[in-house]
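Chemist: Sending over a structure as structure tokens; questions will come in a sec.
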Amino acid sequence: MKSLEQKSLVLLKHHLKALRLPTVASECEKVAARCATDNVDHLTYLLQVLELELLDREKRSAERRLKAARFPTIKTLDTFDFAARPSVNKMLIGELVRCEYIDKRENVLLIGNPGTGKSHLATALAAEACARGYRVRFFRTTELVTALIEARNELSFLRLKAQLAKLDLLVLDELGYVPASKVGAELLFDVISTAYERTSLIVTSNLPFESWIEVLGSERLTGATLDRLTHRCRIIETKGESYRLQDAKARTRQTKRDAVSSAARSGANDKPAGAVDEAPVSQ
Ligand code: ADP
Ligand code: MG
């Protein structure tokens with residue numbers, strides 16, 4: 001009897017492997033034991049193990065999407081200090097988290113000085129999209145342009161373009177850090193216009209729109225790029241100075257305040273010691 005049970009179990013695990021149900025395979029015995037104790041019927045048992053499989057499957061594919069997005073660092077909205085950046089509308093960010101802009105193929109532009117949280121917000125929003133099942137890829141704009149230039153005239157160019165075409169959301173970080181060459185600007189325009197109304201873009205830039213001509217070179221290309229990017233888009237301005245600078249200044253102020261208050265405290269406490277110190281002078 002025992003060996004028959006053992007045999008069925010081996011066969012069951014084999015079938016579950018063939019059907020690609022790893023969680024059912026690893027959990028079926030534990031859940032069966034629990035269901036037997038709780039007097040649960042067969043259908044509820046089946047429901048319980050399949051629910052576990054589904055949850056695990058969603059978790060595994062979210063992890064895969066996150067890896068495929070290639071974020072340089074993971075940032076979340078929980079760690080974004082909205083009070084430090086009042087120009088960023090928290091309500092709008094809350095709305096963007098729901099990813100409806102991706103369903104509507106709309107874009108998000110984050111414009112502001114270096115260090116003001118543009119990449120942080122772009123990464124956090126894009127990671128949220130990954131968690132909700134969207135296909136996402138993050139690029140530093142210069143890296144993408146370099147990859148496109150290098151792949152030009154080769155099969156890998158088409159492969160890269162095909163990869164981009166499959167995305168729901170493409171992040172182009174730091175557009176405008178380095179002026180693109182004429183070819184680079186044209187390839188970048190090609191990416192942006194291919195994405196138009198098909199793939200949502202999140203673009204971050206430290207340049208105000210009027211300066212984009214410095215990156216893209218020609219007035220015609222700049223106009224056409226901005227036209228596609230800004231048609232149906234949300235613009236978030238991260239106004240002000242660098243967060244790290246702000247943070248460092250706040251910490252310096254705090255250290256000074258701490259020093260003053262500890263000096264005041266030790267001044268009050270050390271009075272007798274001060275008197276001892278002064279003693280040799282008066283001697
Ligand atoms: P940008 O892309 O605008 O140059 P980053 O997003 O890279 O700036 O921000 C620089 C650093 O400061 C990052 O480590 C980021 O997490 C942090 N940072 C920026 N703004 C905030 C903020 N409002 N709250 C918390 N951290 C922030
Ligand atoms: Mg950045």
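Chemist: Please give the contour-minus-distance gain from Arg198 to Leu92: 0.36 nm per residue of separation, less the Cα-Cα distance, rounded to one decimal in nm. The partial results should precede the final answer.
Modeler: Numbers: separation 106, 0.36 × 106 = 38.16 nm, distance 2.23 nm.
Roughly 35.9 nm would be gained on extension.
Chemist: Along the three principal axes, how long is region 2-67 when you take its alpha carbons, biggest first, rounded to the nearest angstrom?
Modeler: For region 2-67, the Cα spread along each principal axis is 44, 25, 15 Å.
Chemist: Size of the dipole of region 2-67 about the Cα centre, Lys and Arg at +1 and Asp and Glu at -1 on the beta carbon, nothing else charged, in debye to 20? Walk me through the intermediate numbers first.
Modeler: Working: 13 positive and 10 negative charges, 99 e Å.
Here the size comes out at about 480 debye.
Chemist: Also, I was wondering about something else. Taking 8 Å as the Cα distance limit and 6 or more residues as the minimum spacing, I'd like the relative contact order of the chain as a percentage. List each step's numbers first, then the result.
Modeler: On the way: 331 pairs, mean separation 60.7, N = 283.
Over the chain, the number comes to 21 percent.
Chemist: What's the FRET efficiency of Ile235 with Arg132 using the Cβ-Cβ distance as r and R₀ = 30 Å, to the nearest 0.05?
Modeler: 0.85
Chemist: For region 80-228, what's the radius of gyration and Dmax over Cα atoms, in angstrom?
Modeler: Both quantities, over Cα of region 80-228: 15.2, 49 Å.
Chemist: Oh, and also: Which order, highest average first, do 93-99, 108-114, 260-266 follow once you tally other Cβ atoms within 10 Å for each residue and take the mean per peptide? Before the final figure, lay out the partial values.
Modeler: On the way: 93-99: 15.9, 108-114: 20.6, 260-266: 10.4.
Packing order, densest peptide first, comes out as 108-114, 93-99, 260-266.
Chemist: log₁₀ I(q)/I(0) of region 72-168 at q = 0.14, 0.16, 0.21 Å⁻¹, via Debye over equal Cα point scatterers, no solvent, to two decimals?
Modeler: Results for region 72-168 at q = 0.14, 0.16, 0.21 Å⁻¹ read -0.62, -0.78, -1.15.
Chemist: Go through Lys7/Lys30; Lys59/Lys239; Lys67/Lys239; Lys182/Lys239; Lys118/Lys256 and tell me which ones have a Cα-Cα distance over 25 Å in this structure. If you can, show how the numbers build up before the last one.
Modeler: Values: Lys7/Lys30 18 Å; Lys59/Lys239 36 Å; Lys67/Lys239 31 Å; Lys182/Lys239 30 Å; Lys118/Lys256 30 Å.
Check vs 25 Å cut-off fails for Lys59/Lys239; Lys67/Lys239; Lys182/Lys239; Lys118/Lys256.
Chemist: While we're here: When ranked by the protection proxy of mean other Cβ atoms within 10 Å per residue, highest first, what sequence do the peptides 149-157, 173-181 form? Display every interim value, and only then the final one.
Modeler: On the way: 149-157: 11.9, 173-181: 18.7.
Averaged packing, sorted descending, gives the order 173-181, 149-157.
Chemist: Rounded to a whole number of µm²/s, how large is the Stokes-Einstein D of the chain at 25 °C and 0.890 mPa s, given Rh as the Kirkwood radius over C-alpha pairs?
Modeler: Numbers: Rh = 23.6 Å.
Stokes-Einstein gives a translational diffusion coefficient of 104 µm²/s.
Chemist: With the dipole of the chain worked out from charges on the C-beta (+1 for Lys and Arg, -1 for Asp and Glu) around the Cα centre, which of Ala62, Thr123, Val10 lies farthest toward the positive end?
Modeler: Looking along the dipole axis, the top candidate is Val10.
Quick note: the coordinates plus some simple rules give every number you see, no bench work behind them. Note that the structure is predicted; figures quoted are calculated from it, not measured. Every residue, glycine among them, receives a Cβ derived from its backbone with ideal geometry; neighbour counts consider all protein chains shown.
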